[in-house]
1. Identify the residue in region 332-361 that is in contact with a helix residue (DSSP H, G or I) (Cβ under 9 Å, 6 or more places away or on another chain) and part of a helix (DSSP H, G or I) and, among all such residues, is surrounded by the fewest Cβ atoms within 10 Å (Cβ to Cβ).
2. Touching a helix residue (DSSP H, G or I) at 6+ places or on another chain (Cβ under 6 Å), modelled with pLDDT of 85 or more, assigned to a loop (DSSP other than H, G, I, E, B) and surrounded by 13 or more Cβ atoms within 10 Å (Cβ to Cβ), is that true of residue 623?
3. Being modelled with pLDDT of 85 or more, within 30 Å of residue 596 (Cβ to Cβ) and not assigned by TED's automatic domain parsing to the domain that holds residue 568: is that true of residue 419 here?
4. Does residue 141 satisfy the condition of being modelled with pLDDT of 90 or more and touching a helix residue (DSSP H, G or I) at 6+ places or on another chain (Cβ under 8 Å)?
5. Does residue 167 satisfy the criteria of being out of contact with any helix residue (DSSP H, G or I) (no Cβ under 9 Å at 6 or more places or on another chain) and buried (at least 20 other Cβ atoms within 10 Å of the Cβ)?
6. Test residue 99 against the criterion of being within 24 Å of residue 224 (Cβ to Cβ), touching a residue at least 24 places away in the same chain (Cβ under 8 Å) and surrounded by 17 or more Cβ atoms within 10 Å (Cβ to Cβ), and give yes or no.
7. Taking the residues in region 626-641 that are in a loop (DSSP other than H, G, I, E, B) and either under 31 Å from the mean Cα position of the chain (by Cα) or on the phi < 0 side of the Ramachandran plot (or both) as candidates, determine which candidate is surrounded by the fewest Cβ atoms within 10 Å (Cβ to Cβ).
8. Test each condition in (1) more than 25 Å from the chain's Cα centre (by Cα); (2) within 19 Å of residue 151 (Cβ to Cβ); (3) at pLDDT below 90 for residue 241 and report the one that comes out false.
């Protein structure tokens, strides 16, 4: 298409379109003199002509195909700078909503039909001009919408927009959003998100199924949202309205200028901004929403909690994400105490180490408040949260099974009002403790018993033996070792290919990383020696994984050098430490004895025994630490008691 002549791409775009990592693109630029020259951008982020890149890739036998969707996206990236990209995505979304609502208008009248777009999209928020001046882009979008559903097109563009602005956009994790919706939203609820961003939580509520009976409005879901950023509010509205859902999304500051003040929701889901100092503390001092106390200046999250409670019907539920510190900061203890006394705060859930926490609240409706608060420390396993919450809903006065624990509210109303689950919930409780303690004790006893058998067979010499040595660098020059360095960054955190990380190497663990397939990656093989920048060394025994960042691989010629022999001397290479200004290892300077291969293998066997002993000690230590923690928890929580030493 002629429009592609104007389109540019950066290195990341090229990598994605060609199905490789960015490192491969860098290698192409460095190694191939005929690689297209930049046509714009900056030295650190150059831009290239898409037609020139496409021609070069095809001429060099690279797999390359630009879909219509990619063509639309790259034209949008070319049309505006990054600061205005969201605005352009929103305008394209308004056009797609127009196409959805009047599917024959474009087919019959083309660009002339655009005069009706404003009339058809009056329910979109904001006052921005939604006209698209780039008619070539309009035609591409219309062609793509004819090929794919307008909703599918817009979700594709939103996904690309989020990827391009991942550092600027705060988007609720999909699994967390789904959990929040399952906990508090029923099919047919009127659902509010007063800090809706680009609509993640609202979309989750829209797609939820019936879980707790019928709602007050006859079973039809209605969504309401407010977002301070006008562009994000528009994106959120388009995403919801394209689904045909009844919705009202407004732009503005929910705390200062509540655009939905006259509306009441059945359920509220919210992921508010954290740690805001300028949220309206002075001008909102007498606001009627502060039923549980005026939020301190540094506790904006408690303002959001009370705003959510004020906008939900009596008996309605609120799920709101909170920073971990909000459960224990001293300035907020009065409000936390009042929320507990009124029975408004029902559960505090730690979703992952370091937060965020999830607070579940219920607006009081005159009934008797519960005497207990549910606390759950999910430890990144979100599957434990819903069963604990359902059990608590059935009987708030009972001790829930599984990972939840009910804490008496009267015990929380002390001078701290500390609601952090980690403080109130032992690491193990309930029916799991006997099994965990028994298995850990047996594992520790078994691992400890084998340590005495794991000592390597070493002979103490009467005098120190000096051996002729060379350096790793010299061995590399002679071809006995090939030294390979992993790329500094991987193309993705998820993908089909396992990655050996620096942490895996240090812990002697299996590859835990994931990435996408990329010709520039280094694949490990059995017999390779891998080192970290901090000096951990490991001999590889299995293939199939890629070498991760901050790792160096030493591939030996097995006919002339034993890998275990090399690994042992690298492991204790004190002489390899470089200048005092550096704490890293300069492994090329490490000295290695010059020995026949048969002697190397003897050394290699001894080194391997030491590595195995190190792994066993690591395993035994981990079991011992778990046993100690279980012992303390069990004695404190009543699952264990001391043995009578005199019996």
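1. Looking at residues that are in contact with a helix residue (DSSP H, G or I) (Cβ under 9 Å, 6 or more places away or on another chain) and part of a helix (DSSP H, G or I), I get 341.
2. The answer is no for residue 623.
3. Against the criterion (modelled with pLDDT of 85 or more, within 30 Å of residue 596 (Cβ to Cβ) and not assigned by TED's automatic domain parsing to the domain that holds residue 568), residue 419 does not qualify.
4. Yes.
5. no
6. Considered against the rule, which asks whether it is within 24 Å of residue 224 (Cβ to Cβ), touching a residue at least 24 places away in the same chain (Cβ under 8 Å) and surrounded by 17 or more Cβ atoms within 10 Å (Cβ to Cβ), residue 99 comes out as no.
7. Out of the qualifying residues, it is 641.
8. (3)
The values are calculated or read from the model by the stated rules, or taken from the named source; none is laboratory data. Predicted model, so just to flag it, every value in this text is computed and none were measured. As a convention, Cβ positions derive from the backbone with ideal geometry for all residues, glycine included, and neighbour counts pool all protein chains shown.
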